[in-house]
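The values are calculated or read from the model by the stated rules, or taken from the named source; none is laboratory data. Keep in mind it's a predicted model, so treat the numbers as computed, not measured. Methodologically, a virtual Cβ is constructed for each residue, glycine included, from the backbone with ideal geometry; neighbour enumeration extends over all protein chains shown. Calculation scope for accessible area: heavy atoms of the full protein, side chains included, ligands and nucleic acids excluded. Shrake-Rupley method; radii C 1.70, N 1.55, O 1.52, S 1.80 Å.
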Amino acid sequence: MGAALRLGLLAAALSAAFCAPAARAADDEAAFRALYKELVEINTTRSVGNCTQAATAMRAHLLAAGVPAADTQILAPPDRPKDGALVAILHGSDPLAKPVLLLAHIDVVEAKRADWIRDPFTLVEEDGWFYARGASDDKAMAAAFTDALVRYRKEGFKPRRGIKLALTCGEETPDVFNSVKWLTQTKPEVLSAAFALNEGAGGELDAAGKHLALQIQAGEKVYQDFKLEASDGGGHSSRPTKANPITRLAIALAKFGEYNFPVAINPVVKGYFEAESKLVDAKAAADMRAVLASSSDDAAVERLWAANPGWNSMLRTTCVVTQIDGGHAPNALPQHVSANVNCRILPGVPIADVQKQIAAVVANDKITVAAVGEPGTQTPLPPLSEAIMEPVRKVAEAMWPGVPIVPSMSTGATDGRFLNSSGVPTYGLSGMFHDAEGSRAHGLNERIRVQSLLDGRKFLYEVVKLYANSGS
Ligand SMILES: [Zn+2]
């Protein structure tokens, strides 16, 4: 072989080595963008949408990548053919290792075309943003997870533990139907896993787009409504008695409004305030340290509450009166009055204890306190173990060096409550960063930064790979 030829071959090899991955990466991104657009543009609202159509479209991508059809299923109750979920698995080499579950819901909140600036069901890319209903919540993660499985399969990635994907329906309308609830109750083996990744956390950007903190969510508060009710025989309003139920309930609610549940700091919330105290101004940081040192420092809690209601909500169970309904005519003594008290209960606190406490604060046996609807799902706190944190740290450090990882507990609820209570520790983790305004999820003109979506896709792809080869 002549020197010139050798050099030529070397140059060709070098250019292949440097250009091919770049070219492949660009192709991958184009394929991901197309998959994301396809998913976002399939209407999956409760009113006119169809989750099964979206699940089937995502399944087609897995099949095209070579995932055997037998490893994918569309699951819907027979009487709800439009509420289908896709569950698929990339098998692991170790039959004893439980899989990691990638959970994302594909249903979206209703969106009225007339109210939006752009068509909510056409993906619009504008000035570095993607706009559409579901652009963030939760089709961003659903698309990133599906794309990751496609790429693992195409690369011939052989994980030690299986990687399970579940794209589910009804997260936004659990009172009508919810895939995760239905599956955990009727076919628990379908979603069984060592642990799961889910929506519920992203990352924080400052106004200039600088990365401030990567969040990992571990645990959610429990939603529970209570009905407080007072009744009386009524009568003509010209002859009032001392037994007016509206007055009685008003006095009770005034007392209740003054009451705060005790501060109870769990390990996740402790981790949150430790990390957050390094990011906030000196005053708030001092209050956070004070509360961590003594949970009975009421003055510090009050100041944190005033600065950010979310901070108070992480520290304690909260209950607030949200609705009131009473009386039947302007000229009649009221017969009934009721109020709805909405509680967000710390993980691990029995709902019955909260009910007892409300009754104790109200302290009036002529006012009944009853839990409304199905009892909220009690969820244990998923542990933020090293096995969970280490891969996150590793990938985060490579992508966003020096950016702190902040654990969080959601004060609202996601499908994680059903999985956590079924014994699958579930973590909110996306690597998708937002500024203070957030993604406008559920609201008008929902959006996500294009760069945040692409970064989150990369982050999840890498971190799931580490999880899939981890553990014993
Ligand atoms: Zn969501």
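Are any of the residues in the stretch 102-114 surrounded by fewer than 16 Cβ atoms within 10 Å (Cβ to Cβ), of a type outside the set (Gly, Ala, Ser) and assigned to a loop (DSSP other than H, G, I, E, B)?
yes
Can you report the number of residues in the stretch 340-361 which are closer than 11 Å to residue 319 by Cβ and in contact with a helix residue (DSSP H, G or I) (Cβ under 9 Å, 6 or more places away or on another chain)?
Qualifying residue count for the region: 6.
Testing residue 306 on (1) loosely packed, with under 14 Cβ neighbours inside 10 Å; (2) in contact (Cβ under 8 Å) with a residue 40 or more places away in the chain; (3) aliphatic (A, V, I, L, M), one condition comes back false. Which one is that?
Residue 306 satisfies all of (1) loosely packed, with under 14 Cβ neighbours inside 10 Å; (2) in contact (Cβ under 8 Å) with a residue 40 or more places away in the chain; (3) aliphatic (A, V, I, L, M) except (2).
Quick check on this structure: which one of 111, 132 is within 16 Å of the ligand (Cβ to nearest atom), modelled with pLDDT under 95 and farther than 30 Å from residue 156 by Cα?
111
Quick grid of which residues meet (1) under 15 Å from residue 144 (Cα atoms); (2) of a type in the set (S, T, N, Q); (3) over 24 Å from the mean Cα position of the chain (by Cα):
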site	(1), (2), (3)
33	yes, no, no
37	yes, no, no
41	no, no, no
47	no, yes, no
57	yes, no, no
69	no, no, yes
93	no, yes, yes
97	no, no, yes
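Those residues that are open to solvent by less than 10 Å² (accessible area, probe 1.4 Å) and of a type in the set (Gly, Ala, Ser), I need them from the stretch 70-88; list them, please.
Within the stretch 70-88, 84, 85, 88 qualify.
Show me the helices (runs of 4 or more DSSP H) entirely contained within the stretch 268-365 in which 2 or more residues are touching a Ser or Thr at 6+ places or on another chain (Cβ under 8 Å) and not small (Gly, Ala, Ser).
Correct list: 282-293, 309-315.
Which members of the stretch 234-267 meet the condition of being at pLDDT 95 or above, among the hydroxyl-bearing types (Ser, Thr, Tyr) and open to solvent by 60 Å² or more (accessible area, probe 1.4 Å)?
238, 247, 259
What is the one condition in (1) assigned to a helix (DSSP H, G or I); (2) open to solvent by 50 Å² or more (accessible area, probe 1.4 Å) that residue 93 does not satisfy?
Of (1) assigned to a helix (DSSP H, G or I); (2) open to solvent by 50 Å² or more (accessible area, probe 1.4 Å), only one is false for residue 93: (1).
Considering each residue of the stretch 115-129, count those that are surrounded by fewer than 24 Cβ atoms within 10 Å (Cβ to Cβ) and within 16 Å of the ligand (Cβ to nearest atom), and give that number.
Count: 0.
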